[in-house]
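To start, the structure itself, in structure tokens.
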Amino acid sequence: MQRVVLCITGASGVIYGFRLLEVLTNLGYFVDLVVSSNAKIVLKEEHGKDLPEVLKNIKNYELHGERNLLSSLASGSRLVKYKGVYIVPCSTSTLACIANGVNQNLIHRIGETALKERVPLVLLVREMPYSKVHLENMLKLTEAGVIVMPASPAFYHKPKSIEDMVNFVVGKLLDALRIEHNLFKRWRE
Ligand SMILES: Cc1cc2nc3c(=O)[nH]c(=O)nc-3n(C[C@H](O)[C@H](O)[C@H](O)COP(=O)(O)O)c2cc1C
């Protein structure tokens, strides 16, 4: 079973991360999951739910503690076995830490390890508007080979619901790692 790392941080739009988890596990991937404490706060704010409730129907995942620097995911020799690492959504704080080599938790360490081992790293950065600092951090990581994506759904596929809009963004995340899916209709399809 192929493995993917998924980190969920405390930016608005944690629904993108949890939907990605659901889709990846349904597609047969095993997901190593890290959820920051701030993501849990946003989950409660935006959806009125706690983490166990959101995870109760998900199979084929392992939850790693945000503070557990002894996790296998912190090690380059383990991370190279993964198809890739997603940070979805990625707060500007986590973006800044990874762009500047600062490790304050397991998510930052995973970002750093993915960078040094050239493991595909995809960040869905969510903030509006962006400051010069945000843009510089995104450029720095893009130049280092990271795929930086904005949480911006399109409208050409004529979404009818929030779910359709979320699925579009999640589909684009899967495209980034060349994972096949049918989450949205492609242009002129
Ligand atoms: C309801 C709520 C929404 C937030 N939305 C964003 C956001 O969209 N983008 C962002 O960068 N930070 C946002 N924040 C602030 C982050 O949670 C904060 O910077 C935090 O330190 C991020 O920590 P983490 O990256 O370890 O999860 C939000 C906070 C709350 C409580």
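General observations
- Footprinting exposure proxy ranking of L174, L6, L63, fewest other C-beta atoms within 10 angstrom first, gives L63, L174, L6.
- Going from the residue with the fewest nearby Cβ atoms within 10 Å to the one with the most, C97, C90 rank C97, C90.
- By the count of neighbouring beta-carbon atoms within 10 Å, fewest first, R3, R109 end up ordered R3, R109.
- Applied to the stretch 6-17, the Karplus parametrisation 6.51 cos²θ - 1.76 cosθ + 1.60 on θ = phi - 60° returns per-residue 3J(HN,Hα) values of 10, 10, 10, 10, x, 8, 4, x, 4, 4, 4, x Hz, with x for Gly and Pro.
- Per-selection Rg to Rh, the stretch 1-76 - Cα, Kirkwood hydrodynamic radius: 0.95
- Evaluated on the stretch 112-161, the Kirkwood hydrodynamic radius is 12.6 Å, with distances taken between all distinct Cα atoms.
- Inverse of mean 1/r across different Cα pairs in the chain, Kirkwood, Å: 16.6
- Using the Cβ-Cβ distance between K44 and E163 with R0 = 22 Å, the FRET efficiency computed as 1/(1 + (r/R0)^6) comes to roughly 0.60.
- Net +/- balance of residues flanking Q2 in space, Cβ distance below 10 Å, scoring K and R +1, D and E -1: +3
- Pairs spanning more than 32 Å between alpha-carbon atoms, out of K49/K83; K56/K185; K44/K172; K116/K172; K56/K140; K56/K172: K56/K140.
- Solvent-free Debye scattering, log10 I(q)/I(0), computed from the Cα coordinates of the stretch 101-189 at q = 0.14, 0.15, 0.16, 0.24 Å⁻¹: -0.62, -0.70, -0.78, -1.22
- Sequentially through the stretch 122-127, phi angles give Karplus couplings (6.51, -1.76, 1.60; θ = phi - 60°) of 10, 10, 9, 7, 10, 6 Hz, Gly and Pro residues having no value and appearing as x.
Laboratory data are not the source of any read-out in this text; all were calculated from the coordinates shown. This is a predicted model, so every value here is computed, not measured. With ideal geometry, Cβ positions are generated from the backbone for all residues, glycine too; neighbour counts draw on all protein chains shown.
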